[in-house]
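Down below is the structure, laid out as structure tokens.
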Amino acid sequence: MANTSSTHDVKVLGAWPSPFVIRARIALNIKSVEYEFLAETPGSKSQLLLQSNPVHKKIPVLIHRGKPIAESLVIVQYIDEVWSSGPSILPSDPYDRAIARFWAAYVDDKFFPSLRPIKSAQGEEKAALVKQVNEGLVLLEEAFQKSSKGKAFFGGDRIGYLDVAFGSMLGWLRATEKMGEVKLLDEAKTPGLVQWAESFCADGAVKGLIPDTEKIVEFAKLIAARMKGSGSS
Amino acid sequence: MANSSSTDVKVLGAWPSPFVIRVRIALNIKSVKYEFLEETLGSKSQLLLQSNPVYKKIPVLIHGGKSISESLIIVQYIDEVWNSGPSILHSDPYDRAIERFWAAYVDDKLFPSMKLINTAQGEEKAAIVEQAIEGLVLLEEAFQKSSKGKAFFGGDRIGFLDIAFGSMLGWLRAIEKMGGVKLLDEAKTPGLVQWAECFCADGAVKGIIPDTEKLVEFAKILVKMKGAPLGKN
């Protein structure tokens, strides 16, 4: 598929803080695909969002030639398959693909949900949550060692599917460390991931997309205040 | 890939699990012989604990000594490895994105809401049943779009979404029976009613969806053991 689509061919409905949106944007950057970024306003959902993702009403949504695709990991795979002449995002070997998909699902089903409650947790509950996240990171460290085979990324020399799936979480991971006053990624237990995180954030396809930790902390405070005020989640 | 001896391919599973059923159907589509290693209810074999240490759950596919977990990941692996057999996923990237989207919907929304029906009572039950039916109506629409007048979501032959959703049919019928409710019906989901019959009669599926009665009996055993049928994943 030629690179010369007009930017109107490809739209991403999203918002800067969302790690799921970040995934779609990194994938498009890997493929050097230009796109129009339509930022949703916090607290409201645009008509376009409601129309293009009526089932979940959530971002990100990729709209390509008028057709919407939802669910960030589905979108990333779609991008990899459509722009097949660009650098591959998923590994080529079926077993490696299964492993990358397994850990990406782990990030969504276990890791990210265990990260979220830390910032507002206290005492024993907080300690238990932190322990859970740390155990998850140790598993991901092992996966990194096996998958990278000594290279910089889960994907090897270049960032790949699992780099995108997990790396998109780094902004929130660091913000959680700050807000919760805990250390999650550390040199002692997860040395490979510490190095990987630096390399990932510096990568050309990623630069500028992982929000500053401070900005996320501010944003998290805003959300918390709004939720307290409205009394609903 | 040439016909492997059946010892090359093992499936760790149990007959009642819809997730295990997915894997078996996929292997049948590809005419792959495999050894089925049945887990005993209430205990986890050494092999299971070794081959899926992260989740300790079935199904696990062991191929050439390597283990793959998570049913939808296993199905995609099977499709990619035995690529000379009939395709399971669509060839078009957009169609693949749609079937992955709905397969995730079955796992994240539909099946969890179906399971809740078993333990719910009164008004809460009515609300959950309504939610499940709304989900099925969405899948009816998806079926109409996807099948384009043919028998299956995959068209003429069963495909990824047929497997992801069809694997749930045994439990869907058991839940209807135990709950005294109708989920799939001619009025709201006529396409799916017809599809369900075709799916269960398909050569790759025959004999794998357990009889409704057997599942109802099994659910009773689970209640005794855990206090709730299908209490946990």
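One table, with the values for the structure above:
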{"read-out": "Among A:ALA100, A:TYR78, B:SER87 the positive-end extreme of the charge dipole of the protein assembly as shown (Cβ point charges)", "value": "A:ALA100"}
{"read-out": "GNM result for chain B, Cα springs below 10 Å: residue of B:ILE128, B:ILE29, B:ILE78 fluctuating most strongly", "value": "B:ILE128"}
{"read-out": "Shape call, the stretch A:94-214: gyration tensor on alpha carbons, a/c limit 1.5", "value": "prolate"}
{"read-out": "Phi to ³J(HN,Hα) by Karplus 6.51 cos²θ - 1.76 cosθ + 1.60 over the stretch B:169-182, Hz, x for Gly, Pro", "value": "5, x, 5, 4, 5, 5, 5, 4, 5, 5, x, x, 10, 10"}
{"read-out": "Choice from A:ARG65, A:ARG116, A:ARG158 showing the highest fluctuation, given a GNM over chain A with Cα pairs closer than 10 Å", "value": "A:ARG65"}
{"read-out": "Charge-dipole axis of the protein assembly as shown as Lys and Arg at +1 and Asp and Glu at -1 on Cβ define it, positive-most pick from A:GLY66, B:PRO53, B:VAL20", "value": "B:PRO53"}
{"read-out": "Share, in percent, of DSSP beta bridges within the protein assembly as shown that are antiparallel, nearest 5", "value": "70"}
{"read-out": "Value in Å of the Kirkwood radius, where chain A supplies the Cα pairs that are averaged", "value": "18.5"}
{"read-out": "Positive dipole terminus of chain B, leading residue within B:PHE101, B:ILE78, B:GLY64 (C-beta point charges)", "value": "B:GLY64"}
{"read-out": "Charged-residue dipole, Cβ positions (Lys, Arg, Asp, Glu), chain A about Cα centre, Debye nearest 20", "value": "580"}
{"read-out": "Kirkwood Rh, Cα atoms: Rg over Rh of the protein assembly as shown", "value": "0.95"}
{"read-out": "For the stretch B:9-82: relative contact order, % (alpha-carbon pairs under 8 angstrom, 6 or more apart)", "value": "39"}
{"read-out": "For the stretch A:131-142, 3J(HN,Hα) per residue [Karplus equation, 6.51 cos²θ - 1.76 cosθ + 1.60, θ = phi - 60°, Hz, x = Gly/Pro]", "value": "4, 4, 5, 4, 4, x, 5, 5, 4, 5, 4, 4"}
{"read-out": "Shape box of the stretch B:93-219 [Cα atoms, principal axes, largest first, Å]", "value": "42, 29, 25"}
{"read-out": "Three-way shape label, chain B, alpha-carbon gyration tensor, a/c 1.5", "value": "oblate"}
{"read-out": "Longest site-free stretch - chain A; sites: GluC sites (Glu not before Pro), DSSP loop, at most 15 other Cβ within 10 Å", "value": "A:35-180"}
{"read-out": "Geometric extent, Cα atoms of the stretch A:22-104 - Rg, Dmax (angstrom)", "value": "13.9, 42"}
{"read-out": "Estimated [θ] at 222 nm from DSSP helical runs (n ≥ 4, -39500 (n - 2.57)) normalised by residues in chain B, nearest 500", "value": "-16500 deg cm²/dmol"}
{"read-out": "Highest-MSF residue in chain B out of B:THR189, B:THR212, B:THR40 [GNM, Cα springs under 10 Å]", "value": "B:THR40"}
{"read-out": "J(HN,Hα) series, the stretch B:100-117, from Karplus relation 6.51 cos²θ - 1.76 cosθ + 1.60, nearest Hz, glycine and proline x", "value": "5, 4, 6, 5, 5, 4, 4, 6, 7, 10, 5, 5, x, 6, 5, 4, 5, 4"}
{"read-out": "Exceeding the 26 Å Cα-Cα cut-off - candidates A:LYS151/A:LYS215; A:LYS67/B:LYS148; A:LYS58/A:LYS110; A:LYS131/A:LYS221", "value": "A:LYS151/A:LYS215"}
{"read-out": "Shielding by other protein chains, B:97-107, mean Cβ within 10 Å", "value": "5"}
{"read-out": "Prolate/oblate/rounded call for the stretch B:1-121, Cα gyration tensor, a/c under 1.5 rounded", "value": "oblate"}
{"read-out": "Computed E for B:GLN131/B:LYS177 - FRET, C-beta separation, R0 22 angstrom, nearest 0.05", "value": "0.70"}
{"read-out": "Net charge, B:VAL216 excluded, C-beta distance under 13 Å - Lys, Arg +1, Asp, Glu -1", "value": "0"}
{"read-out": "Total charge dipole magnitude, the protein assembly as shown, about the Cα centre, Cβ charges on Lys, Arg, Asp, Glu only, Debye to nearest 20", "value": "500"}
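Only the coordinates and a few stated rules stand behind these numbers; no lab work does. All of these numbers come straight from a predicted model, not from anything done at the bench. Heads up, the Cβs are rebuilt from the backbone with ideal geometry, glycines too, and the neighbour counts pull from every protein chain shown.
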